[in-house]
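Notes for the one structure printed next.
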Amino acid sequence: LMLLFESLLPVPTIDLQLRLLESTDDAKGNLGNPMPKTSLRDPTKPNHIQCFDPSTMQYLGQVKAMTKDEVYNACLKAKNAQKKWSLTTFSQRRMVMRTIQKYIVNNVENICRVCARDSGKTKVD
């Protein structure tokens, strides 16, 4: 009976704004120029990693490279979050999973587009 009642509760919505590169299949003018030499490192920005679509060599941008301490702190933060997660009820976990499910179902095309660009594979893969 409790599960039936919970299924009637509204599922929260996740609102995530995509950048232009992520929100369109139109590669004309929206992506960076193909990179002549693909290198993860840019000598002018040693603390960043360059990102590109492996299938087209289109430049997608760059992200900050994490230091050893930043990785350690992120792992520590995840460990602490897991401890808090372990204290949640089945109902709370179910609502989190339903919220993620709703986001995936509503954004499957965008998720596939970004994954395909990042991996260089087709959307079907």
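Please treat every number below as a calculation from the coordinates, not as lab data. Note that the coordinates shown come from a computational prediction; the quantities given were computed from them, not determined experimentally. Counting neighbours? That spans all protein chains shown, and the Cβs are built from the backbone with ideal geometry, glycine included.
Using 0.36 nm per residue and subtracting the Cα-Cα separation, the extra length available between SER23 and CYS115 on full extension is 31.9 nm. Net charge near ILE104, counting Lys/Arg +1 and Asp/Glu -1 over other residues with Cβ under 15 Å of its Cβ? Value of the local net charge: +2. Using the alpha carbons alone, the radius of gyration of segment 35-76 stands to its Kirkwood radius in an Rg to Rh ratio of 1.09. The simple spin-label model puts a point 7 Å past each Cα toward its Cβ; for VAL124 and ARG93 those points are separated by 3.7 nm. In segment 38-125 the Cα-Cα distances spread across 10 Å bins starting at 0 as 14, 24, 32, 25, 5 percent of all pairs.
Restriction of the trypsin sites (Lys or Arg not before Pro) in segment 74-125 to DSSP coil positions whose beta-carbon has at most 14 other beta-carbons within 10 angstrom yields LYS121, LYS123.
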